[in-house]
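Enquirer: Here it is, the structure, as C-alpha cells.
The values are calculated or read from the model by the stated rules, or taken from the named source; none is laboratory data. Bear in mind that the values here come from a model prediction, so they are computed numbers and not experimental data. Here the Cβ is made from the backbone with ideal geometry for all residues, glycine too, and neighbour counts use every protein chain on show. These area figures cover heavy atoms from the full protein model, side chains too; ligands, DNA and RNA do not enter into them. Shrake-Rupley method; radii C 1.70, N 1.55, O 1.52, S 1.80 Å.
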Amino acid sequence: MYGGVRDRNVIHVVAWNSWATVDGPENWTSYNGIEVDPYYVWVFGKGGIACVSHASLINCRQGKIARPRWIYHDFDKQFRAPEVKSLFPCVDGTLLVGMLGDIYTADYQINRQAGRVVTSAWTKRGGDAKQVIKMPIPAWSVLKSLEANLENA
C-alpha cells in the first residue's frame, strides 16, 4: 500500500504491517498527487510526471538500493512549466492529465533504460478537472472486433 502527503517529496510504503518512507523523485521538493497502476507508482505536480516500479520502491524500503529508480517524463516544448494537477495512467497505454486548466491525453511507453516516460504529442481535450479517471468500456473489445469484421466483409 502506498500513500503520499502533498507538499512533501516522500512516498509512504506499507509492507509487512509497517510503514516506511522512501524518497520521491530527485530534484523535486513536492508533488500534487499519487496514482498506482499494476506496474508503477506515479507522482505528479510542478515537477511534471514521474513513475517508479513497485519492485524499486520495495527494494529501497528494504535497504537493497539507496534510492528508487524514478522514471521521468519530459514535456513537449508546447508547454511552459506545466503543473500537473491530476493524472491517470490508463490500461490502454494512454495518460490522461489535468493541467494548465485543461485535460490532455497522450499515448505513452516506459523506456526503463533511458529512465523516461515517452509520449506521443499531447492532445487537448478541453474541460478542467480536480481529478481525472478514465474508465474502461466493458464491451469495447466486442465493438472493435465487430468494426473490424464489418470492414473485412
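Enquirer: How do Ser56, Ser120, Ser30 rank by accessible surface area computed with a 1.4 Å probe, from largest to smallest?
Expert: Ser120, Ser30, Ser56
Enquirer: What ranking of His54, His73 comes out by heavy-atom accessible area, probe 1.4 Å, highest first?
Expert: Order by accessible area, largest first: His54, His73.
Enquirer: Before rounding to the nearest 500, sum -39500 (n - 2.57) across all DSSP H runs of length at least 4 in the chain and divide by the residue total; then give [θ] at 222 nm in deg cm²/dmol.
Expert: Theoretical 222 nm ellipticity from helices: -4000 deg cm²/dmol.
Enquirer: For Kirkwood radius over Cα pairs in Å, several values are listed as [x] 16.3; [y] 15.3; [z] 16.8; flag the one computed from this structure.
Expert: It is the one labelled [z].
Enquirer: Before I look further, what does the stretch 49-137 give for accessible area per residue, probe 1.4 Å, in whole square angstrom?
Expert: 58
Enquirer: For the stretch 9-153, give the percent of accessible area contributed by carbon and sulfur heavy atoms, probe 1.4 Å, rounded to a whole number.
Expert: 52
Enquirer: Does the stretch 44-113 come out rounded, prolate or oblate by the C-alpha gyration tensor, with a ≥ b ≥ c the root eigenvalues, rounded set by a/c under 1.5 and, if not, prolate when a/b is larger than b/c and oblate if not?
Expert: Here the stretch 44-113 falls in the prolate category.
Enquirer: Let me ask something else. Just want to confirm a number: the relative contact order over the chain, from Cα pairs under 8 angstrom separated by 6+ residues, in percent.
Expert: After rounding, I find 15 percent.
Enquirer: Helix 140-152 versus the longest principal axis of the chain: what angle, 0 to 90°, nearest 10, using Cα atoms?
Expert: Roughly 40 degrees between the two axes.
Enquirer: Now a separate question. Under a plain spin-label model, where a point goes 7 Å from the Cα along Cα-to-Cβ, how far apart in nm are Asn152 and Lys134?
Expert: Result: 2.6 nm between the two label points.
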